[in-house]
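The values are calculated or read from the model by the stated rules, or taken from the named source; none is laboratory data. These numbers were taken from a predicted model, which means no experiment stands behind them. Backbone-built Cβ (ideal geometry, glycine too); neighbour counts: all protein chains shown. Only protein heavy atoms, including side chains, enter the accessible area calculation; ligands, DNA and RNA are left aside. Shrake-Rupley method; radii C 1.70, N 1.55, O 1.52, S 1.80 Å.
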Amino acid sequence: MEFEGRTVEEAIKKALKELKLPKEQLKIEVLVEEEKGLFGMPGATPAKIKVSVKKGL
């Protein structure tokens, strides 16, 4: 599954909340790092991650 957020951490928090699993059980791959907007303001490009459940758990 893929999740977006203003930051990578925000995207991870969304994934944990939706999947109701601890971070240790997930494989998290950062697809796109967030990019700052004009004058360093957040949100020009959101962060995007791909999450899957680790095998063998």
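Summary table below
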read-out	value
Positions within segment 1-49 being open to solvent by 70 Å² or more (accessible area, probe 1.4 Å) and in contact with a Phe, Trp or Tyr (Cβ under 8 Å, 6 or more places away or on another chain), in sequence order	Lys14, Glu18
Close pairs from segment 1-16: first touching a residue at least 12 places away in the same chain (Cβ under 8 Å) and in a loop (DSSP other than H, G, I, E, B), partner among the polar types (S, T, N, Q) and open to solvent by 50 Å² or more (accessible area, probe 1.4 Å), Cβ under 9 Å, at least 6 apart	Met1/Ser52
Condition broken by Val53, with the remaining ones in (1) under 12 Å from Met1 (Cα atoms); (2) open to solvent by less than 70 Å² (accessible area, probe 1.4 Å); (3) modelled with pLDDT under 95 satisfied	(2)
